[in-house]
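K.L.:
Sending over a structure as structure tokens; questions will come in a sec.
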């Protein structure tokens, strides 16, 4: 579950509040918002009952360390995994990648997992060709760390994502635009056809 970077943080927190007891990671991907606003959202999630270990800050090592949350997701243009790992050896570190070479580099530097995409067409990457399932399979076969697929993923895609070797999927609009976020999450878990 990734925030969309458009909604106010409070709206995002309120929209996913019903998932506090679910086995999901919440990824705050808020590139344009200041640290104090994101920190408030993270604290609000914890007050609702979301486990700190299941909250991830995008490119904000400072927030991850100061708030004691589950980790940091480094962007492709962000800090190197190696630099973060050397200074924060216990921090869970993910890295966004777009090629096998980038995934291998992240793994070599000590990433705990990589996020790869976009797999399917998505409005957030309008006009850009998706990587596709074959590229996902090739990448998961090339590295030992878990690979999280992202981009245009619907519940009906989940079985294909798993067959391609991904450890999981990250979703933005598929959950945020749902009338009932809990029911939609169940569809993703079961890979239901829409």
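The values are calculated or read from the model by the stated rules, or taken from the named source; none is laboratory data. Quick caveat: nothing in here was measured; it's all calculated off a predicted structure. No Cβ is skipped: glycine too gets one built from the backbone with ideal geometry, and neighbour counts run over all protein chains shown.
K.L.:
Quick one: residue 186 ticks every box in (1) free of Cβ contacts under 8 Å to residues at least 12 places away in the same chain; (2) more than 21 Å from residue 28 (Cβ to Cβ); (3) touching a helix residue (DSSP H, G or I) at 6+ places or on another chain (Cβ under 8 Å) except a single one, so which number is it?
P.N.:
(3)
K.L.:
Consider residue 138 against the criteria (1) buried (at least 18 other Cβ atoms within 10 Å of the Cβ); (2) over 18 Å from the mean Cα position of the chain (by Cα): it satisfies all of them except one. Which criterion is unmet?
P.N.:
Going through the list (1) buried (at least 18 other Cβ atoms within 10 Å of the Cβ); (2) over 18 Å from the mean Cα position of the chain (by Cα), residue 138 breaks only (1).
K.L.:
Run down 2, 6 and say which single residue is modelled with pLDDT under 95, in contact with a strand residue (DSSP E or B) (Cβ under 7 Å, 6 or more places away or on another chain) and closer than 24 Å to residue 124 by Cα.
P.N.:
On the way: 6 fails: in contact with a strand residue (DSSP E or B) (Cβ under 7 Å, 6 or more places away or on another chain).
Only one candidate passes the filter, namely 2.
K.L.:
Which one is surrounded by the fewest Cβ atoms within 10 Å (Cβ to Cβ) among residues in the range 100-135 that are within 14 Å of residue 167 (Cβ to Cβ) and out of contact with any helix residue (DSSP H, G or I) (no Cβ under 7 Å at 6 or more places or on another chain)?
P.N.:
Among those residues, the one meeting the criterion is 112.
K.L.:
Cβ-Cβ under 8 Å, sequence separation 6+ or interchain: first residue in the range 94-114 and at positive phi and at pLDDT 95 or above, partner in a strand (DSSP E or B) and crowded, with 16+ Cβ neighbours inside 10 Å. Which pairs?
P.N.:
What qualifies is 110/93.
K.L.:
Moving to a separate point now. Within the range 168-187, can you find the residues that are part of a loop (DSSP other than H, G, I, E, B) and under 12 Å from the mean Cα position of the chain (by Cα)?
P.N.:
Step one: list which residues in the range 168-187 are part of a loop (DSSP other than H, G, I, E, B), which gives 171-172, 177-180.
The answer is 171, 172.
K.L.:
Output the residues belonging to the range 148-164 that are surrounded by 15 or more Cβ atoms within 10 Å (Cβ to Cβ) and either in contact (Cβ under 8 Å) with a residue 60 or more places away in the chain or assigned to a helix (DSSP H, G or I) (or both). Quick ask: steps written out before the conclusion?
P.N.:
Step one: list which residues in the range 148-164 are surrounded by 15 or more Cβ atoms within 10 Å (Cβ to Cβ), which gives 148-155, 157-158, 160-161, 164.
If the condition is that a residue be surrounded by 15 or more Cβ atoms within 10 Å (Cβ to Cβ) and either in contact (Cβ under 8 Å) with a residue 60 or more places away in the chain or assigned to a helix (DSSP H, G or I) (or both), then 150, 155, 157, 158, 160, 161 are the ones that fit.
K.L.:
I've got another one for you. Do we find a residue being within 21 Å of residue 62 (Cβ to Cβ) and surrounded by 15 or more Cβ atoms within 10 Å (Cβ to Cβ) anywhere in the range 10-19?
P.N.:
yes
K.L.:
Residue 145 passes all but one of (1) part of a loop (DSSP other than H, G, I, E, B); (2) closer than 17 Å to residue 1 by Cβ; (3) touching a helix residue (DSSP H, G or I) at 6+ places or on another chain (Cβ under 8 Å); which number fails?
P.N.:
Looking at each condition in turn, residue 145 falls short on (2).
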